[in-house]
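The values are calculated or read from the model by the stated rules, or taken from the named source; none is laboratory data. What you are looking at is a predicted structure, and each value in this text was computed from that prediction instead of being measured. Neighbour counts run over all protein chains shown; Cβ positions are idealised from the backbone, glycine included.
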C-alpha cells in the first residue's frame, strides 16, 4: 500500500486534506513565447496550457525520455501546472454549492472526458474553484501539485531570487567637489546689453539701368566655383556565406522487435503509461505494457484473451516493465 501511494505521489501528485504534495526540485523560466504544456511527455499529449516568455515554473523532474520513441522531442521536463490553469473533474463527486471534493480520491483530467489524461488527484475535502463546466464535468482552477510536461529545449534555469528581506544596493553617487568654507559665493554674470539697432539704409531713387556687359572697376569679377568631385561610393559587397553549423541529429538506437504470448489485461493503475498490459499465461506476471503502433491494431477486442503480439520493445525510465509497441496481434486460442 505504501509503495502504491508513493508511486502516485511521484507520477501524478495528490492534493487535498492530509495528502502531501510533490516537492519541486528547482525553478525554470520559459525561453519562448507560448511554450506548450502537455499532459504527457509526448507530442501526442493534450495541450493543457501555455507559458509566456520569461514565466517562472516549478520543476519536479528533468531529463525525461519521450513516451513514444518516434517523437522528435527527445527530452521532457515535468513541471507543476501554473496557477490559473483550467482542468476538469467529474461533477458527481464535487459538492456544487461549496466546490468541495466528496470522493476519497478524485482524478483531475486535461479535458471533460475519461479519454483525457490524468494530471493528478485531489483528496476528500479539497476545495476547488469552479469556473465553468457541463452537466457531467466541472472546469476548475488547477490546485497545487498537478503535473504537466514541457519540451526541455523550451526551458532554461531561472535566475536566483533575492533573499527575503535583502535590499538591493544602490549604485554610489559620484563624489562632490570640496568647497572651502571661506569661499566667496558665486557672482552672477552681468546681463549683456543689446546694441541699438542700426538705422535702415537710405533709399536711393532708381537710376538708368546699368549695362549688363560692363563691370565696374572696383568690383572684382566673380569666378564660378570649381566643381567638387566626390569620391565614388564603395560598391556593396555581399556578406560572407554563413556556414551551416547545425548539429546533425543523433542516430536513433536500433529497433528491438520481439514476439510475446500472453493475456491482454487492462492496467490497474491510472498512472500507468498505457491502458493495456500483457500478462503471462502461467504465472500471471506482467510482461509488457502494450502501446498500439500508429497506425496499429485496436486492442480493446482482445481484452481478456490469449494472444501473440509482435512489435518493438523499449524501456521507459519511469517504469521497470518494458513497453511493447504492438504492430501485429493474433489470437492463439
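If you check residue 280 against the conditions, is it more than 29 Å from residue 108 (Cβ to Cβ), without any contact (Cβ under 8 Å) to a residue 40 or more places away in the chain and either loosely packed, with under 14 Cβ neighbours inside 10 Å or not assigned by TED's automatic domain parsing to the domain that holds residue 65 (or both)?
So residue 280 passes the test.
Report yes if residue 117 is in contact with a strand residue (DSSP E or B) (Cβ under 8 Å, 6 or more places away or on another chain), within 28 Å of residue 290 (Cα to Cα) and surrounded by 15 or more Cβ atoms within 10 Å (Cβ to Cβ), otherwise no.
Answer is yes for this residue.
Name the one entry in 145, 45, 132 that is exposed (fewer than 14 other Cβ atoms within 10 Å of the Cβ) and either outside any loop (DSSP other than H, G, I, E, B) or touching a strand residue (DSSP E or B) at 6+ places or on another chain (Cβ under 8 Å) (or both).
Selected residue: 132, the only one of 145, 45, 132 that is exposed (fewer than 14 other Cβ atoms within 10 Å of the Cβ) and either outside any loop (DSSP other than H, G, I, E, B) or touching a strand residue (DSSP E or B) at 6+ places or on another chain (Cβ under 8 Å) (or both).
Which of the residues spanning region 30-41 are surrounded by fewer than 16 Cβ atoms within 10 Å (Cβ to Cβ) and modelled with pLDDT of 90 or more?
Hit for region 30-41 is 31, nothing else.
In region 68-95, how many are within 29 Å of residue 292 (Cα to Cα), free of Cβ contacts under 8 Å to residues at least 40 places away in the same chain and not in a loop (DSSP other than H, G, I, E, B)?
Matching residues across region 68-95 total 0.
Quick check on region 283-319: of everything there that is more than 30 Å from the chain's Cα centre (by Cα) and exposed (fewer than 12 other Cβ atoms within 10 Å of the Cβ), which residue is nearest to residue 76 (Cα to Cα)?
Result: 298.
Those residues that are touching a helix residue (DSSP H, G or I) at 6+ places or on another chain (Cβ under 8 Å) and in a loop (DSSP other than H, G, I, E, B), I need them from region 96-112; list them, please.
Those that are touching a helix residue (DSSP H, G or I) at 6+ places or on another chain (Cβ under 8 Å) and in a loop (DSSP other than H, G, I, E, B): 102, 103.
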